[in-house]
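K.L.:
Okay, here's the structure, questions in a sec.
No lab work stands behind these numbers, since they all come straight from the coordinates. Everything numeric in this text was worked out from a predicted model, so none of it was measured. Methodologically, a virtual Cβ is constructed for each residue, glycine included, from the backbone with ideal geometry; neighbour enumeration extends over all protein chains shown.
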Amino acid sequence: MGVIKPWHLFVLTRRASVGLTLAGLLMASGCSQPADNVERKADGRSASPSPTMAMRLDKPEKFLSGWPESTSRTLREHAQQNMGGFKELLDGEPTSAVATAYTTADERYTALVSGVSGKVTDPKATLDRLFAALPRLSGVKPTRPGPMGGDARCGKGETQGVNVEVCAWADHHSVGMVTFLGLPSSGSADDMFVQARSQLEHPVT
C-alpha cells in the first residue's frame, strides 16, 4: 500500500435558523506511522475475526432510525474526499464504495459515511494509518466492531461547540468510517456505529 493521501473532515455549525456553515475540524497529515493517541491495549471489543466471505458496501436509503440522505452537495463531496483517501489503504482496486451524508429532519444531527471494499491485508495496521491521518482527534480507543468483526475504533473532537465522534472499521474485505456531528457529549456513538456498519456492509451474494 502506498502512503495515504491527505483528506479532510468537516463539521457543520448552525448559523441563526437559516443556512449552515462549514468549519474544518480534522486535517490529514499524510503520515503512514501509527497514531500516538491510539490506545493499543486489547479489551475484547476489537480485533474480532474478520468475515471469511467477500463483502460489499451499499448506500442505505435511510440511515439509522430513518435519517434521510442529506441534500447538501458540500457534505456529500467531503464524504467522497474521505472515500478517495480510503482507496489508498487497499491492496488493489476497490470492488465497491460508498460516500454520502445523512441528516435528521430537524438538521440537529448529521453523519458522514465513507468506505470502500477490497483486499485489506492487515486491518489493524490499516486503522493505525487511518487514525494517524486524523491527528486532531483525541481519546481514540477500540470499540465493538459488530457482527462483521474486524478491528474498530472511535475518537472524539470538537469545533465551535459542536461535538464530533469518528468511528472507523477495517476487516480483510473493507475499510470505512462514520463521522457523527452534533451528538451530545454523552451520546452513544459506539452503539450507533455498530448499527450503521450493519446497514452499510453486506456479504456478496
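K.L.:
Give, rounded to the nearest 20 debye, the magnitude of the charge dipole that the stretch 46-205 has about its Cα centre when Lys and Arg contribute +1 at Cβ and Asp and Glu contribute -1 at Cβ.
P.N.:
Its charge dipole is roughly 120 debye.
K.L.:
Whole angstrom only: what separates the Cα centroid of the stretch 51-104 from the Cα centroid of the stretch 168-200?
P.N.:
If we compute the Cα centre of each part, the gap is 12 Å.
K.L.:
Counting Lys and Arg as +1 and Asp and Glu as -1, each charge on the Cβ, what is the dipole of the stretch 85-149 about the Cα centre in debye, to the nearest 20?
P.N.:
Roughly 240 debye for the stretch 85-149.
K.L.:
Right, here's the next one. Given the convex hull of the Cα atoms of the stretch 61-193, what is a quarter of its surface area in nm²?
P.N.:
For the stretch 61-193, the mean projected area of the Cα convex hull comes to 7.9 nm².
K.L.:
When ranked by the protection proxy of mean other Cβ atoms within 10 Å per residue, highest first, what sequence do the peptides 54-61, 68-75 form?
P.N.:
In decreasing order of mean packing, 54-61, 68-75 become 54-61, 68-75.
K.L.:
Using only alpha-carbon positions, what ratio does the radius of gyration of the stretch 47-123 give when scaled by 2.2 N^0.38 Å?
P.N.:
This ratio for the stretch 47-123 stands at 1.22.
K.L.:
Hey, for a label at residue 202 modelled as a point 7 Å past Cα toward Cβ, could you say which residues of the stretch 53-71 have their backbone N under 19 Å away?
P.N.:
The answer is 53-69, whose backbone nitrogens lie closer than 19 Å to the label point.
K.L.:
In what sequence do 169, 67 fall when counting other Cβ within 10 Å, fewest first?
P.N.:
With the sparsest Cβ surroundings first, the list reads 67, 169.
K.L.:
I would also like to ask the following. Residue by residue through the stretch 86-94, which ³J(HN,Hα) values in whole Hz follow from phi under the Karplus form 6.51 cos²θ - 1.76 cosθ + 1.60 (θ = phi - 60°), with glycine and proline marked x?
P.N.:
These are the phi-based 3J(HN,Hα) values: 5, 4, 6, 8, 8, 9, x, 8, x Hz.
K.L.:
Right, something else. Output wanted: per-residue J couplings in Hz (rounded whole) for the stretch 95-108, from phi through Karplus 6.51 cos²θ - 1.76 cosθ + 1.60, θ = phi - 60°, x for Gly and Pro.
P.N.:
Values, residue by residue: 9, 7, 7, 9, 7, 6, 9, 10, 9, 5, 4, 8, 6, 7 Hz.
K.L.:
Once phi is turned into θ = phi - 60°, what whole-Hz ³J(HN,Hα) does the Karplus curve with 6.51, -1.76 and 1.60 give for every residue of the stretch 191-205, x standing for Gly and Pro?
P.N.:
5, 5, 5, 4, 5, 4, 4, 5, 7, 8, 9, 9, x, 6, 10
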